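Comments concern the structure below.
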């Protein structure tokens, strides 16, 4: 199915709703075109184009909900999927947490769609990959990478009169370059809504330089160090705070945002006052959808303001139960920063470690949000404002909450991609004191 | 394992509904799942369309998979049913070799025309990519099996059990946990049925019916006063079995050290949920561990994940060769170490087998996703690295003529590639029970069930947590500990392996969400072991205050 216009989506959804005999009915419609190229050992290994579309019908009788999905769009199929959702609703046990569907909402006009990304050709993809491969090959290094692009639309309508529509595009690129003797490794990642902003050559050059410069790594003792986290390294730690903003978990006492005595940390200072974390669907650098999957408007929300926890996200059920504003979980994380570049942060560092990338991040203790993981693909010792030499990789055990209380300085935010979740964020490079490295790794 | 999947399962809130789903899944009525969509004759005729099209377009090899993937999830919390989802995904994937290069195409239109178009797309991709091809594909030969079939040996098809029975079972388990004082409980039942038909230009036509089952829960205990909370996950295993796994037979229950009950080939979810609530209370009150060196006694429900990360992954040949460098990582088990024939991966008692045939395991199938008959083979023998895990286009690189038969794709819409087989530590030859093992330890920790896990991209440095930790003092269990994680280097760790219990204690556990590839694919795999002792491992304290 092609990407439907707003009018086409409206007409199709209207037709589906006309088949409904349930108390309430809600229909979500989406379609995406995905293209990808994967390469390794300086050679393309796989590539693919996947087009998928899906229509999800949710039918409710009282508090009994049935959900059915289909990817065929002829009239008979549309009626069939509505009937199936209704049959499943009749079979379902009553869900005491069921919330009636929302009525009409007002949404801001989204800015997530860039026509040039939707119009990408197979040749453009292979050219982007070729440019990356050429950089690695000319340095006698070995590249492995992944390029993917998406263009899609989503729309929803329900029997209460709600209608929402959005189109979006996205491209993510990552590359790992290793020296031919496997002694050095470097990494770079980029994410944009507009593929014309993607420069695979310069990104691969950065990864290649890191690989060449990291080839003679020295072992230094693990312990507490001042670190400079590049945005890609910060992303995998910061997103754990972002994923943990759910009010119910905190209210139920099973979150790092819960407190002794059955309370939560809402309204309290959690981290350094230079930390402000928000989401904004209309941010031009990181635009996201202006509505959430259940039809609630997505607006600019400040989650942590000058170190103070300002807002939690809520399911509609939990917001009603707690008599709170039903703010949906956000899509893109943005952190305020300063004006300094990564190089400026390095220049101002007496002794420290530059971290390109962190990997294999896992919860160790959800109570304190203690995380573990390792540095990877370019870790360097800094002294007197200069990178002195590459160091062997470390394992860390650190909580992003503790880390943000040990903040030294923030640089200029830039768009980056989490290697763990594939999500895009706008984050500054950050200088942190007393970051806890607990052991050494021989991995390159 | 993929982090997001793990978090969703560990939290098991709404996230439990977001388990890996095949592409193009649609929800179906449970009764529809029991109706076959197509007979073998129809599948063979469609498969031949792909094979003939590929040949006519110049392919030197082609295979086609027609797959129907059925999943069922039942998710509950406390007294509530959160969701019941039945999904079905049906389609075909065609893989070809043209100009020595792979190409892949897939379609959800399982018709002669849909299959022809998917094949043409696969050929076009192979031709376009051959421009970058440096190493033409060399396939190891494999016999033509003709028309054959294989089925997971199940006693009870979970899809035939009524939804009501499943909901009642989970709600009963939840009620038992709440009666014993749990603050919250989430429970989940996950059923999988892969109906896969494979055919290749080499003359094999293979029909397989694969079943997997996983009951799971997370019992939370919150001490509101102190603000502390602990989660105790189920002592179940995901299994390559039918619904009979939930029978909880008396002969499959094991009284373990520290008064715990463990399970072997069937599982009692109600009993375990009650135990979980009791233990979660003790977990909060437990003593915080003193960091330092301990002898670790690791129970099989914990061991599997350490094996998965530190043995299963580094012996995957695609990682060794660099194909996963940008995502899952490479491996410290480089070819020179294998060629030396004396690389001491572990102590002399350490023997690992890779196995795609083990009954009850997640990885067990008759044939892999490129038509190779499955088998078992040695990876580590008497502590020495002797082989890798490799498929048809890889074994020539390690001078072997026969694929190991561990090629897998998570769905018809994804291309198949080398995936981990069941990799298991062989039981000890000496007759030892876990109690006898513990009696020989002066200062140690007995660890039950997998917890936090992390390992570097070449699989040297790892850190593992767990669920239950018991202090061992002078040969005796001396109460529960908390805040425990151990860190080690893979080679040092396996060389510190001092004792392995015998066959009587050997059990399987595993995971559905072994992640690899870009776009990422999930693989289901089991790992077996008996309780095992490691000497002098570094233990850290993970307690922090924020």
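The values are calculated or read from the model by the stated rules, or taken from the named source; none is laboratory data. The shown structure was predicted, so the numbers you read here are calculated from the model rather than taken from an experiment. When we count neighbours, we look across all protein chains shown, and the Cβ atoms used for this are built from the backbone with ideal geometry, even at glycine.
For this structure, a couple of remarks:
- Any hit, the range A:390-411, residues being farther than 30 Å from residue A:287 by Cβ, free of Cβ contacts under 8 Å to residues at least 40 places away in the same chain and assigned to a strand (DSSP E or B): no
- Those residues of the range A:395-444 which are in contact with a strand residue (DSSP E or B) (Cβ under 6 Å, 6 or more places away or on another chain) and at pLDDT below 95, in sequence order: A:420
- Condition met for residue B:479 (in a loop (DSSP other than H, G, I, E, B) and at pLDDT 95 or above): no
- Every condition in (1) modelled with pLDDT under 95; (2) more than 10 Å from chain A (Cβ to nearest Cβ) is met by residue B:128 except one, and the failing one is (2).
- Unmet criterion (only one of (1) surrounded by 22 or more Cβ atoms within 10 Å (Cβ to Cβ); (2) within 14 Å of chain A (Cβ to nearest Cβ)) for residue B:226: (1)
- Residue within the range A:370-386 that is part of a strand (DSSP E or B), modelled with pLDDT of 95 or more, within 14 Å of chain B (Cβ to nearest Cβ) and surrounded by fewer than 22 Cβ atoms within 10 Å (Cβ to Cβ) present: no
- Criterion: under 30 Å from residue B:125 (Cα atoms), modelled with pLDDT of 90 or more, within 11 Å of another protein chain (Cβ to nearest Cβ) and part of a strand (DSSP E or B) - qualifying residue of A:49, A:38: A:38
- Put simply, of A:173, A:153 the only residue that is touching a strand residue (DSSP E or B) at 6+ places or on another chain (Cβ under 9 Å), modelled with pLDDT of 95 or more and either within 11 Å of chain B (Cβ to nearest Cβ) or not in a strand (DSSP E or B) (or both) is A:173.
- Qualifying residue in the range A:59-75 (condition: more than 7 Å from chain B (Cβ to nearest Cβ), in a helix (DSSP H, G or I) and surrounded by 15 or more Cβ atoms within 10 Å (Cβ to Cβ)): no
- Checking every residue in the range A:135-147 against the condition of being under 29 Å from residue A:298 (Cα atoms) and facing chain B (nearest Cβ under 9 Å) gives zero matches.
- Residue in the range A:407-423 that is over 20 Å from residue A:186 (Cβ atoms), at the interface with chain B (Cβ under 10 Å from one of its Cβ atoms) and crowded, with 24+ Cβ neighbours inside 10 Å present: no
- Which listed residue is in a loop (DSSP other than H, G, I, E, B), over 25 Å from residue B:220 (Cα atoms), away from chain B (no Cβ under 14 Å) and in contact with a helix residue (DSSP H, G or I) (Cβ under 6 Å, 6 or more places away or on another chain), from A:281, A:326, A:330: A:326
- Selection of the range B:316-344 for residues being part of a loop (DSSP other than H, G, I, E, B) and under 16 Å from residue A:443 (Cα atoms) yields B:322, B:324, B:325, B:326, B:327, B:328, B:329, B:330, B:331, B:332, B:333, B:334.
- Residue in the range B:434-447 that is assigned to a loop (DSSP other than H, G, I, E, B), touching a residue at least 40 places away in the same chain (Cβ under 8 Å), surrounded by fewer than 24 Cβ atoms within 10 Å (Cβ to Cβ) and under 23 Å from the mean Cα position of the chain (by Cα) present: no
- Any hit, the range A:236-259, residues being buried (at least 22 other Cβ atoms within 10 Å of the Cβ) and in a strand (DSSP E or B): yes
- Hey, residue B:216 part of a strand (DSSP E or B), assigned by TED's automatic domain parsing to the domain that holds residue B:154, over 26 Å from residue A:367 (Cα atoms) and touching a helix residue (DSSP H, G or I) at 6+ places or on another chain (Cβ under 8 Å) or not: no
- Scanning the range B:96-122 for residues that are part of a helix (DSSP H, G or I), surrounded by 23 or more Cβ atoms within 10 Å (Cβ to Cβ) and away from chain A (no Cβ under 12 Å) turns up B:115, B:119.
- Residue count for the range B:168-187 under the criterion of being in contact with a helix residue (DSSP H, G or I) (Cβ under 6 Å, 6 or more places away or on another chain) and either at pLDDT below 95 or at negative phi (or both): the result is 8.
- Residue A:253 vs. criteria touching a strand residue (DSSP E or B) at 6+ places or on another chain (Cβ under 9 Å), within 11 Å of another protein chain (Cβ to nearest Cβ) and at positive phi: yes
- Identity of the residue in the range B:455-471, under 21 Å from residue B:235 (Cα atoms) and in contact with a helix residue (DSSP H, G or I) (Cβ under 9 Å, 6 or more places away or on another chain), that ends up nearest to the other protein chains (Cβ to nearest Cβ): B:464
- Once the range A:351-369 is narrowed to residues that are more than 10 Å from every other protein chain (Cβ to nearest Cβ) and out of contact with any helix residue (DSSP H, G or I) (no Cβ under 9 Å at 6 or more places or on another chain), the residue that is nearest to residue A:420 (Cα to Cα) is A:353.
- Number of residues in the range A:147-186 that are crowded, with 24+ Cβ neighbours inside 10 Å, more than 20 Å from residue A:33 (Cα to Cα) and free of Cβ contacts under 8 Å to residues at least 60 places away in the same chain: the value is 2.
- Of the set (1) closer than 30 Å to residue A:26 by Cβ; (2) surrounded by 18 or more Cβ atoms within 10 Å (Cβ to Cβ), all apply to residue A:317 but (2).
- Those residues of the range A:51-70 which are in contact (Cβ under 8 Å) with a residue 24 or more places away in the chain and within 25 Å of residue A:118 (Cα to Cα), in sequence order: A:51, A:53, A:54, A:55, A:56
- For residue A:180: the one exception among (1) within 23 Å of residue B:330 (Cα to Cα); (2) under 21 Å from the mean Cα position of the chain (by Cα): (2)
- Scope the range B:377-390; condition in contact with a strand residue (DSSP E or B) (Cβ under 6 Å, 6 or more places away or on another chain) and touching a residue at least 40 places away in the same chain (Cβ under 8 Å); matching residues: B:379, B:380, B:383, B:386, B:387, B:389
- Residue B:148 being in a loop (DSSP other than H, G, I, E, B) and closer than 30 Å to residue B:103 by Cα: no
- Taken together, the residues in the range B:345-363 that are surrounded by fewer than 23 Cβ atoms within 10 Å (Cβ to Cβ) and either in a loop (DSSP other than H, G, I, E, B) or in the same structural domain as residue B:205 (by TED's automatic domain parsing) (or both) amount to 8.
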